[in-house]
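Written below as structure tokens is the structure these notes are about.
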Amino acid sequence: MNRKTAIITGSSSGFGLLCAIELARNGFQVIGTMRNVDKAVTLLERANERNVSEFIKVFPLDVTSSESINDLKNYLREFHSIDILVNNAGFAVGGFCEELSIEDYRKQFETNFFGIIEVTQMVLPFMRANRHGRVINMSSISGRMGFPGLSAYSSSKYALEGFSESLRLEVKPFGIDVVLVEPGSYATNIWSGVETIKINQDSPYQSYLKGIKCEIETGKKDHGDPQDVAQLVAQIATQTKSPDLRYPIGKGVKKNLLLKNMLPWKMIEDVILKRIHN
Ligand SMILES: NC(=O)c1ccc[n+]([C@@H]2O[C@H](COP(=O)([O-])OP(=O)(O)OC[C@H]3O[C@@H](n4cnc5c(N)ncnc54)[C@H](OP(=O)(O)O)[C@@H]3O)[C@@H](O)[C@H]2O)c1
């Protein structure tokens, strides 16, 4: 029997790697894409341990390269259907607006936003041909709430949220669902971009950065297990009923979103700024 096909971007580590294994365990033929296929060793070893390596094909994909996306398009013609796209690839630029270059912002958007659009544009015709498919976009709590030192990352995720809301309405009549997964903080490599925020010696943001780094350090004990996010993605991919638009996940995430909707923003910013500058 033909397995349904799932494509995942950024499956060399973190959520992407775990999603590849979880979707293979849930009956999918997985195309685990990554920009450097030399990194596939970990994914394939972990898949082997779970007896699903035969259901994972690794394919090179840099989501910022149109050429690379086109190569994937040609490869997809071998599959009888494309059922799931997990737009997971991403990274986090940390730093204060005044101290980042416009190039930093552009790079952040190239991967976290424009990359997702181009991969999705390539995959949609395959899904439309079968009048069936799910596009699962890895957003973040940062796509619903801003945080100082994360304006590049947060704005890229807010843009993804708006894109996904609109796209969902466009493709629903063709049997395609668009979904946003909104994790809080999880133990993956994503934090390296934030932990290494560069700042000038005489920067007015010196003490600010100290507060943020302290906040990140304290928050680590509450980091979730990334496997929970992979299981959520597998659940969204396999459920028979039409999925919701948003799936917030992680410690305190639903509570924070509720508070943000209920309280005046001024109260929320007081709490955040007090925590950082105490
Ligand atoms: N961890 C969290 O707390 C958290 C919370 C909310 C949302 N997220 C989101 O979850 C997604 C996955 O991140 P993660 O936490 O699993 O971190 P991660 O372990 O650093 O994984 C990021 C993945 O994206 C890939 N990637 C980066 N740029 C790429 C590009 N141009 N083309 C293709 N792949 C690229 C990386 O590949 P390389 O190995 O080549 O670098 C890596 O496989 C991201 O979209 C992130 O924003 C994470």
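A few remarks follow.
- Per DSSP, loop trypsin sites (Lys or Arg not before Pro) in segment 44-96 with at most 15 further Cβ within 10 Å: 50, 77
- DSSP bridge orientation in segment 128-278 - percent antiparallel, rounded to nearest 5: 0 percent
- Nearest-ten-degree value, helix 253-262 long axis tilted from longest Cα axis of the chain: 60 degrees
- Exposure ranking of 262, 34 by accessible area [1.4 Å probe, largest first]: 262, 34
- Restricting the GluC sites (Glu not before Pro) of segment 43-117 to loop positions (DSSP other than H, G, I, E, B) with no more than 12 neighbouring Cβ atoms within 10 Å leaves 78.
- Only alpha carbons enter this Debye calculation for the chain, each as an equal point scatterer, and the log10 of I(q)/I(0) it gives at q = 0.07, 0.09, 0.14 Å⁻¹ is -0.26, -0.43, -1.00.
- The chain: angle of helix 40-49 to the longest principal axis, Cα-based, in degrees nearest 10: 70 degrees
- Relative contact order %, the chain, counting alpha carbon pairs below 8 Å whose residues are six or more apart: 19 percent
- Rg over Rh [alpha-carbon atoms, Kirkwood Rh] for segment 24-91: 0.96
- Degrees, to the nearest 10: 14-25 long Cα axis against longest axis of the chain: 30 degrees
- Dipole in debye (nearest 20) - segment 36-79, about Cα centre, beta carbon charges: Lys, Arg +1; Asp, Glu -1: 140 debye
- Every helix of 4 or more DSSP H residues in the chain counts as -39500 (n - 2.57), and over all residues that averages to -14500 deg cm²/dmol at 222 nm.
- Probe 1.4 Å, accessible area per residue of segment 5-127, Å²: 44 Å²
- Choice from 123, 253, 86 showing the highest fluctuation, given a GNM over the chain with Cα pairs closer than 10 Å: 253
- Using only side-chain charges placed at the Cβ, +1 for Lys and Arg and -1 for Asp and Glu, the dipole size of segment 183-278 relative to its Cα centre rounds to 240 debye.
- Note on segment 185-270: with neighbouring protein chains present and a 1.4 Å probe, carbon and sulfur make up 54 percent of its accessible heavy-atom surface.
- Computed over segment 157-235, Kirkwood Rh from alpha-carbon pairs, angstrom: 15.8 Å
- Each peptide among 168-176, 14-22 gets the average number of other Cβ atoms lying within 10 Å of its residues, and from highest to lowest they stand as 14-22, 168-176.
- The residues 277, 132, sorted by heavy-atom accessible surface at 1.4 Å with ligands and nucleic acids left out, run 277, 132 from largest to smallest.
- Accessible area (Å², 1.4 Å probe, nearest 10) - residue 254: 140 Å²
- From the C-alpha gyration tensor of segment 67-171, square roots of 5λ in Å: 29, 15, 9
- For segment 71-141, the carbon plus sulfur part of the accessible surface works out to 51%, probe radius 1.4 Å.
- At a probe radius of 1.4 angstrom, the accessible area of segment 181-278 per residue rounds to 63 square angstrom.
- Alpha-carbon centroids, segment 27-102 and segment 135-191: separation in whole Å: 17 Å
- Largest-first ordering by accessible area, 1.4 Å probe, given options 59, 91: 91, 59
The values are calculated or read from the model by the stated rules, or taken from the named source; none is laboratory data. What you see is a predicted model; the values in this text were computed from it and never measured. Quick reminder, even Gly has a Cβ in these numbers, built from the backbone with ideal geometry, and neighbours come from all protein chains shown. For accessibility, only protein heavy atoms count, side chains too; no ligands or nucleic acids. Shrake-Rupley method; radii C 1.70, N 1.55, O 1.52, S 1.80 Å.
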